[in-house]
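Visitor: Take this structure, written in structure tokens, and hold onto it; I'll ask about it next.
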Amino acid sequence: GTFLGVHFTQLQDAQTAMALGTIVVSTGNVLPLRGLKAARGRPTDVEKLVAVEKSISRAQKGVYGVWFDKLSDSAERYSFGIANRPIYQIASVGLFVVRVTDTAGDIQNGNWIHASPRAGEGERQIDGAGNYEPTLQDKTVAKALVDVNWAAIQVDPVLGYKWKLIPATIHAG
């Protein structure tokens, strides 16, 4: 069967759930845990949740994965998270989908994807000169499993730019 590795997170104050396949990065902050019990002066509950936000710049490092789905409406029955807040899943490795946009040109099946300048969107992985970078790197999010010809895609009337949700192997975790 298909394998999909996931991380868990909770939203920070004023954050809202994101669209399927949105690229997220670690903020560098660990979310508070509930119900820690001391054992010899140390917490027994060591699982940590990392705070995430949409990627915001091209080739952004700190990629944590792509937004997957809600695991639970509450953390009540889990040993981690703030009890009255939902737990969300971030796809980090395996077969899934990623949102891509046209900022670095057409995408070919097998191209690596990294974050684009559009929040939460990916693009064909390029270097500083705009040339395709064909190697897995610390900024890589995924590998495309389909071709994307942007000339055949309509501009999203709400967002004002072209984007597409594509199947990919996720390599962020």
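Visitor: Using a 1.4 angstrom probe on the protein heavy atoms only, line up Ser74, Ser79 by accessible area, largest first.
Guide: Heavy-atom accessible area, descending, gives Ser79, Ser74.
Visitor: Hey, another quick one. With a 1.4 Å probe and all protein chains in place, put Asp147, Asp69, Asp156 in order of accessible area, largest first.
Guide: These residues rank, largest area first, as Asp147, Asp69, Asp156.
Visitor: A further question on this structure: What accessible area per residue comes out for the chain, rounded to a whole number of Å², with a 1.4 Å probe?
Guide: That works out to 51 Å² for each residue.
Visitor: Once you sort the root eigenvalues of the Cα gyration tensor of the chain as a ≥ b ≥ c, which label holds: rounded (a/c under 1.5), prolate (a/b larger than b/c) or oblate (the other case)?
Guide: prolate
Visitor: Can you tell me the dipole magnitude for segment 100-142 around its Cα centre, using point charges on the Cβ only (Lys, Arg +1; Asp, Glu -1), in Debye to the nearest 20?
Guide: So the magnitude is around 60 debye.
Visitor: Under 13 Å from the Cβ of Ile126, count the other residues' Cβ atoms, weight Lys and Arg +1, Asp and Glu -1, and hand me the total.
Guide: -2
Visitor: From the protein chains alone at 1.4 Å, what is the descending order of accessible area for Leu20, Leu11, largest first?
Guide: Heavy-atom accessible area, descending, gives Leu20, Leu11.
Visitor: Here is a follow-up. Positive end of the charge dipole of the chain (Lys, Arg +1 and Asp, Glu -1 on Cβ, about the Cα centre): tell me which of Val148, Phe3, Thr22 has its Cα farthest that way.
Guide: The listed residue farthest towards the positive side: Phe3.
Visitor: Of the chain, which part is the longest with no GluC sites (Glu not before Pro) in a loop (DSSP not H, G, I, E, B) and with at most 14 other C-beta atoms within 10 angstrom?
Guide: The longest uninterrupted stretch comes out as 77-173.
Visitor: Let me know the shape class of segment 87-173, please: from the alpha-carbon gyration tensor, a ≥ b ≥ c as square roots of the eigenvalues, rounded when a/c is under 1.5, otherwise prolate if a/b is greater than b/c, or oblate.
Guide: It is oblate, given that a/c is not under 1.5 and a/b is not larger than b/c.
Visitor: Could you tell me the number of lysine pairs in the chain with C-alpha atoms less than 30 Å from each other, where the two lysines are 8 or more residues apart or belong to different chains?
Guide: Count of close lysine pairs: 24.
Visitor: If you average the sequence gap of Cα pairs under 8 Å that are 6 or more apart and divide by the length of segment 130-173, what percent do you get for the contact order?
Guide: 48
Visitor: Using the Kirkwood formula on the Cα atoms of segment 59-101, what hydrodynamic radius do you get, in angstrom to one decimal?
Guide: 12.1
Visitor: Shifting gears a bit: Between beta-carbons, use under 13 Å as the cut-off and find the net charge around Ile166, counting Lys and Arg +1, Asp and Glu -1.
Guide: Here the charged neighbours net out to 0.
Visitor: Report, in debye and to the nearest 20, how large the dipole of the chain comes out about its Cα centre when Lys and Arg carry +1 and Asp and Glu carry -1 on their Cβ.
Guide: So the magnitude is around 560 debye.
The values are calculated or read from the model by the stated rules, or taken from the named source; none is laboratory data. Values in this document were obtained by computation on a predicted structure and should not be read as measured data. Cβ sites come from the backbone with ideal geometry, for glycine too, and all protein chains shown count toward neighbours. Calculation scope for accessible area: heavy atoms of the full protein, side chains included, ligands and nucleic acids excluded. Shrake-Rupley method; radii C 1.70, N 1.55, O 1.52, S 1.80 Å.
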